Amino acid sequence: MGKREELEKLHAKWKTECACELRATSLQAVPGDGSAEAEIVFIGEAPGQKEDEQGRPFVGAAGKFLAEMLSSINLKREGVYITNIVKYRPPNNRDPLPEEKNACREWLLGELRIISPKLIVFLGRHAMNDFFPTEKISNAHGKLLIKAFAGMPTKYFYALYHPAAALYDGSMRETLMADFKKIPKVLEKIGV
Ligand code: URA
């Protein structure tokens, strides 16, 4: 079975089995989306309203900004894989709760195991703190983090501010764009 089919099987399984309580209040699951052969996986927080309506991650304003940043380094969203730690929209876009992150964790880890990317990029502190609980995004953004986790295919991680947080904050936006532009150098450094 190829990676694409494996991913489809994974999403079909978790769409029926995921125990996340947000299933009751959201319209549908929002699994990851993009290339099954991607070398980079981007991990966000949780779907918002547009994502909940369309069943695809990062299709609203933050997604448009993400697509712009991808194109600034000559990447297209179809060439990478984009997902979230939580697969269902929290009511009123509140922060996801620890139990919601836990309920969706195996789904995310399944995506990462199948794709086996060279680099995992965190979009915001929620995604980063899921793997690096003591790091502060204000310190870790724009830096390569290296850590081996049992059962995880990659040990290279890169943290960014969340595109939604940076949308309306000029200086955070500039920092995010500058950090994003360093991704090709990071890939070079890790031998991609
Ligand atoms: N913000 C996220 O973290 N994920 C999405 O899918 C959309 C907005």
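Results for (1) of a type in the set (Val, Ile, Thr); (2) away from the ligand (no atom under 16 Å from the Cβ); (3) touching a Leu at 6+ places or on another chain (Cβ under 9 Å), shown as yes or no for each residue.
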residue: GLU53; (1), (2), (3): no, no, yes
residue: ALA62; (1), (2), (3): no, no, yes
residue: VAL80; (1), (2), (3): yes, no, yes
residue: ARG94; (1), (2), (3): no, no, no
residue: ALA103; (1), (2), (3): no, yes, yes
residue: GLU106; (1), (2), (3): no, yes, no
residue: GLY110; (1), (2), (3): no, yes, yes
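Among residues belonging to the range 1-12 that are open to solvent by 40 Å² or more (accessible area, probe 1.4 Å) and free of Cβ contacts under 8 Å to residues at least 60 places away in the same chain, point out the one that is farthest from the ligand (Cβ to nearest atom). Break it down stepwise before answering.
So the first thing to find is which residues in the range 1-12 are open to solvent by 40 Å² or more (accessible area, probe 1.4 Å), and the list is 1, 3-6, 8-9, 12.
Remaining after also requiring free of Cβ contacts under 8 Å to residues at least 60 places away in the same chain: 1, 4-5, 8-9, 12.
Values: MET1: 27, ARG4: 21, GLU5: 24, GLU8: 19, LYS9: 22, ALA12: 20 Å.
Going through the qualifying residues, I end up with MET1.
Exactly one condition in (1) part of a helix (DSSP H, G or I); (2) surrounded by 15 or more Cβ atoms within 10 Å (Cβ to Cβ) is false for GLU68; which is it?
Going through (1) part of a helix (DSSP H, G or I); (2) surrounded by 15 or more Cβ atoms within 10 Å (Cβ to Cβ) one by one, GLU68 breaks only (2).
Report, ordered by the first and then the second residue, all pairs with beta carbons closer than 7 Å, sequence separation of six or more or different chains, a first member in the range 147-165 that is more than 11 Å from PRO117 (Cβ to Cβ), and a second member that is assigned to a loop (DSSP other than H, G, I, E, B) and within 16 Å of the ligand (Cβ to nearest atom).
From the range 147-165, the pairs are TYR161/GLY124; HIS162/GLU45; HIS162/GLY124; ALA165/GLY124.
Is there any pair linking a residue in the range 70-98 that is within 15 Å of CYS20 (Cα to Cα) and among the hydroxyl-bearing types (Ser, Thr, Tyr) to one that is more than 9 Å from the ligand (Cβ to nearest atom) and modelled with pLDDT of 95 or more, with Cβ under 7 Å and at least six apart or on different chains, and which?
Close Cβ pairs (under 7 Å, with a partner that is more than 9 Å from the ligand (Cβ to nearest atom) and modelled with pLDDT of 95 or more) amount to TYR88/CYS20; TYR88/LEU22; TYR88/ARG23; TYR88/SER26; TYR88/ALA29.
Where residues in the range 154-173 are within 15 Å of the ligand (Cβ to nearest atom) and hydroxyl-bearing (Ser, Thr, Tyr), which of them is farthest from ALA140 (Cα to Cα)?
For the range 154-173, the residue satisfying everything is TYR168.
Could you tell me which residue of the range 19-50 is nearest to the ligand (Cβ to nearest atom), considering only residues that are assigned to a helix (DSSP H, G or I) and open to solvent by 20 Å² or more (accessible area, probe 1.4 Å)?
Result: LYS50.
Where residues in the range 112-130 are within 13 Å of the ligand (Cβ to nearest atom) and free of Cβ contacts under 8 Å to residues at least 40 places away in the same chain, which of them is farthest from GLY34 (Cα to Cα)?
Top of the filtered list is ARG125.
Does any residue in the range 47-59 that is closer than 19 Å to LYS76 by Cα come within less than 6 Å, Cβ to Cβ, of a residue that is near the ligand (Cβ under 6 Å from one of its atoms) and assigned to a helix (DSSP H, G or I) six or more places away or on a different chain, and which pairs are these?
Every condition considered, the pairs that remain are PRO57/GLU51; VAL59/GLU51.
The values are calculated or read from the model by the stated rules, or taken from the named source; none is laboratory data. The structure presented is a predicted model; accordingly, all values stated were derived computationally and were not measured. Please note: Cβ atoms are built from the backbone with ideal geometry, for glycine as well, and neighbour counts cover all protein chains shown. Just so you know, the surface numbers come from the protein's heavy atoms only, side chains and all, with ligands and any DNA or RNA stripped out. Shrake-Rupley method; radii C 1.70, N 1.55, O 1.52, S 1.80 Å.
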